[in-house]
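Novice: The following block contains the structure, expressed as C-alpha cells.
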Amino acid sequence: MNPNRKVALYTLGCKLNFSETSTIARQFADAGYARVSLDEGADVVVINTCSVTDHADKKCRNIVRKAMNLNDQAYVAVIGCYAQLKPEEIAAIPGVDIVLGANEKFNLLDHIDESKEAEAKIVATRIKETKDFIPSFSSGDRTRTFLKVQDGCNYFCSFCTIPLARGRSRSANVADTIKEAQKVAESGAKEVVLTGVNIGDFGTAHGENFLDLIRGLDQVEGIERFRISSIEPNLLSDEIIDFCAQSKKFVPHFHIPLQSGSDEVLKSMRRRYLTDLYRNRIERIHAAFDSPCIGVDVIVGFPGESDAHFQETYDFLHELNIAYLHVFTYSERANTTALRIDDVIPIPVRQERNKKLRILSLKKKRAFYEQELGKTKTVLFEADDHDGMMHGFTENYVKVVLPYDEKRVNQLHPVQLEHIDPDGHVRSNILTPKEA
C-alpha cells in the first residue's frame, strides 16, 4: 500500500454514521493515507450511506459521479446502511469498485487493492450474522464528539429499515465504553453526545443497562458535559431521569422519539408505548429539572393517518411542554410491514402536514428561548467563525451567538441570556466569575 495515497470520506445521514466515518478515517491515517476533501481528487473515496434519508440512491450516484469527474481512476468504496440493504443496486453505479455491508465496513482496508475492475465487488454478510460491535467516535471537532455506545435494534417498527441495515441490538460493556470516552477526553473535547440506534437498550447482552453506563461515564475526568442524543420513551426510566438531574455532567437535554400523537397510529407503527406513557415521561422530566430542553421526533403521512389522526398528533404536541420538533415525512421503504397498509397518504397531504408541524416547532422553540431570557447559563463555544460571530450551546441547548473571540473556543463561559436576534439565536453577555 502506497503511504502517499489520499483518501476522501463522505458521510450521508445520522450522527452515528459520522462517528463511524471518523473511526474509519483514523484507520486510513494509521495506514499512511492523507485525508483530503472530495474536491481535491482523492485516490480512494469512501461513501458512508444512509437508508433513512430520502433519495439515498440519487445522493450516492451524485457523489460517485463527482469523485470520478475529479479523478477517473479513484477507487470508490460504498459502505453503510444503503450498502447493506441494496448492494447490487449500488454495485451497478458506474465508478463503484467495492460495496461493503454492515459487518465488513470496518475492515475496508483489508479489501482495497486500488485497481479498477469492470465490475464492482460486493462483500456483504447476511444481516442476521452481523453481531460484532465496533466502538466509534467522531473527530475533527475538539468541542463536541459523538460517541457510539450501541448499534442495531430489536424493535422492528413497521416503517423502519434500520434493523435490516444494522442488525440486532448490541454494544460493548460499560468498562470498554468508558475506555473509549477516556480517549475522547484525551482529544480535548469538552462535550460528548452519546449516540446509537437504540441507546436505551445498551448492555443487555452483558447483564448491564444504560443507567450503569451513565453512572460510569459521569466519573470520566476531562469531559465537562454528556448529552443523550435520543432515547426511546419506554426505556427512559425514572432512575435515568433522576440520575441525570443530580449529575454535574449530564445536561438537562433529552431527545425523545414520539412519531405520532395518535394511539391508533402508534399501534400501527408497532411502537412500544402509547401517548399516556409519553406524556408521563415529559412531565417527569419537568418535575426533576429546571427548564429542561426536550426535543421530539414525529413522522407525518404514515399509511392510514387520517385527518383526525393528524389533528390528534398536532393537539398532543401543542399541549406538551417541549422545546422543538424534528419532523419527518413518511416515505416508503422496501421490506417494511407498513407497505402492507392500503391507505396510502398522498404526497401533497404529507407535505402540508409536515409544514404545519414545522411551524409549530418554530413557535415552540421561540417560546422556550423566551422563557430562558434573563437567566444565567453556561455556554460551550465552538470554533467556527460565522461572518465574525461564534456560537455555542447552553447546557439546556439554547443556541447563543457572540462576536468571534478565538480565546473562547472550546471554553465554558457563564453568560446572561439577553435577547433573541432576527436569526432566532440568543444574544448574551459574558459574565465575570464574580458576576456568575
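The values are calculated or read from the model by the stated rules, or taken from the named source; none is laboratory data. Not measured: the values here are computed from a predicted model. Every residue, glycine among them, receives a Cβ derived from its backbone with ideal geometry; neighbour counts consider all protein chains shown.
Novice: For A165, all conditions in the list (1) more than 30 Å from R408 (Cα to Cα); (2) modelled with pLDDT of 95 or more; (3) assigned to a helix (DSSP H, G or I) hold save one; what is the number of the exception?
Specialist: (2)
Novice: Moving on to the next point. Consider only pairs whose beta carbons are under 8 Å apart and that are at least six residues apart or on different chains; among these, list those whose first residue lies in the stretch 92-121 and is closer than 21 Å to D72 by Cα and outside the structural domain of D30 (by TED's automatic domain parsing) and whose second residue is part of a strand (DSSP E or B) and of a type in the set (D, E).
Specialist: none
Novice: Restricting the search to the stretch 205-218, which residues are surrounded by fewer than 16 Cβ atoms within 10 Å (Cβ to Cβ) and without any contact (Cβ under 8 Å) to a residue 12 or more places away in the chain?
Specialist: Answer for the stretch 205-218, where residues must be surrounded by fewer than 16 Cβ atoms within 10 Å (Cβ to Cβ) and without any contact (Cβ under 8 Å) to a residue 12 or more places away in the chain: just G207.
Novice: In the stretch 202-211, is there at least one residue being at pLDDT 95 or above and closer than 30 Å to P87 by Cβ?
Specialist: There is at least one residue in the stretch 202-211 that is at pLDDT 95 or above and closer than 30 Å to P87 by Cβ.
Novice: Quick one: which strands (runs of 3 or more DSSP E) sit completely within the stretch 33-152 and have at least 1 residues that are more than 30 Å from F381 (Cβ to Cβ)?
Specialist: 44-49, 75-80, 96-100, 121-123
Condition check ((1) hydrophobic (A, V, I, L, M, F, W, C); (2) in contact with a helix residue (DSSP H, G or I) (Cβ under 9 Å, 6 or more places away or on another chain); (3) surrounded by 13 or more Cβ atoms within 10 Å (Cβ to Cβ); (4) not in a helix (DSSP H, G or I)) across all residues:
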site	(1), (2), (3), (4)
F328	yes, yes, yes, yes
P348	no, no, no, no
N354	no, no, yes, no
F368	yes, no, yes, no
L402	yes, yes, yes, yes
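Novice: What number of residues within the stretch 261-275 are surrounded by 18 or more Cβ atoms within 10 Å (Cβ to Cβ), in contact (Cβ under 8 Å) with a residue 24 or more places away in the chain and either part of a helix (DSSP H, G or I) or over 24 Å from the mean Cα position of the chain (by Cα) (or both)?
Specialist: The qualifying residues number 5.
Novice: Select from the stretch 225-242 the residues that are buried (at least 17 other Cβ atoms within 10 Å of the Cβ) and over 19 Å from the mean Cα position of the chain (by Cα) and list them in ascending order.
Specialist: Step one: list which residues in the stretch 225-242 are buried (at least 17 other Cβ atoms within 10 Å of the Cβ), which gives 225-233, 235-236, 240-241.
Of everything in the stretch 225-242, those that are buried (at least 17 other Cβ atoms within 10 Å of the Cβ) and over 19 Å from the mean Cα position of the chain (by Cα) turn out to be I240, I241.
Novice: Now, a different point. Considering only the stretch 383-400, state which residues are under 23 Å from the mean Cα position of the chain (by Cα), without any contact (Cβ under 8 Å) to a residue 60 or more places away in the chain and part of a loop (DSSP other than H, G, I, E, B).
Specialist: If the condition is that a residue be under 23 Å from the mean Cα position of the chain (by Cα), without any contact (Cβ under 8 Å) to a residue 60 or more places away in the chain and part of a loop (DSSP other than H, G, I, E, B), then D384 is the only one that fits.
Novice: Can you name the residue in the stretch 404-436 that is among the hydrophobic types (A, V, I, L, M, F, W, C) and not in a strand (DSSP E or B) and is also surrounded by the most Cβ atoms within 10 Å (Cβ to Cβ) among such residues?
Specialist: Result: V409.
Novice: Right, here's the next one. Hey, among L380, L362, which residue is within 26 Å of the chain's Cα centre (by Cα) and surrounded by fewer than 15 Cβ atoms within 10 Å (Cβ to Cβ)? Talk me through it step by step, then tell me what you get.
Specialist: Details: L380 fails: surrounded by fewer than 15 Cβ atoms within 10 Å (Cβ to Cβ).
Testing whether each residue is within 26 Å of the chain's Cα centre (by Cα) and surrounded by fewer than 15 Cβ atoms within 10 Å (Cβ to Cβ) leaves just L362.
Novice: Restricting to the stretch 168-196, and then to whatever is part of a strand (DSSP E or B) and of a type in the set (V, I, T), can you tell me which residue is nearest to the chain's Cα centre (by Cα)?
Specialist: Here the answer is T195.
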